[in-house]
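Report on the structure given below.
The values are calculated or read from the model by the stated rules, or taken from the named source; none is laboratory data. On a predicted model such as this, the values are computed, not experimentally measured, just so you know. Cβ: placed from backbone, ideal geometry, glycine included. Neighbour counts: every protein chain shown. Each accessible area value is taken on the protein alone, full model and side chains, heavy atoms only, with ligands, DNA and RNA left out. Shrake-Rupley method; radii C 1.70, N 1.55, O 1.52, S 1.80 Å.
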Amino acid sequence: MENWTEMPSEHLTGNGYRNIIRGWENTEARLNNEVLVYRTEGTDVEATAEGEFAVQHPLDEEGLNTHFFDDEDAALDYAKEYMKDNPTV
C-alpha cells in the first residue's frame, strides 16, 4: 500500500463525493486513481446495489470497478487488499 495515501476527511465531502467512509489516492498513478469505501444509501447506485457498502476502485482484472458488501469492515478489508495487490494502478 506504499503508493496509496489516505485522503483527509475534508477532501471526501462535497465535490461529488457522497457517503464516503474512507478514501485513498495513488500517488504514483498518472490519473491519480482513487479507492473509495462508501455507504450506498442515497447514492446513484442504491437501487442496484447488492449491499449496504461499496468499494469503488480502478478497473480490476474482471473489468469491474465497484464491489458491494453488507458489512463495513468487509468493504474496508477488500479496499486494503485491492491496494496491496495493485500498488501502481
**OP:** Mind checking the per residue accessible area of the chain for me, 1.4 Å probe, whole number of Å²?
**Re:** 63 Å²
Original post:
Build a GNM of the chain with springs between Cα atoms under 10 Å: which of N33, N19, N65 gets the top mean-square fluctuation?
Top reply: N65
Subject >> the chain - percent relative contact order, Cα under 8 Å, separation 6 or more >> reply: 26 percent
**OP:** Report the local net charge at N19: Lys and Arg +1, Asp and Glu -1, summed over other residues whose C-beta lies under 12 Å from its C-beta.
**Re:** -2
Subject >> Listed residues F53, Y82, N19: farthest to the positive end of the dipole of the chain (Cβ charges) >> reply: N19
Subject >> Cβ-placed point charges (K, R +1; D, E -1), dipole of the chain about Cα centre in debye, nearest 20 >> reply: 380 debye
Original post:
Hey, what's the Kirkwood Rh for region 5-67 if you take every pair of different alpha carbons, in angstrom?
Top reply: 12.4 Å
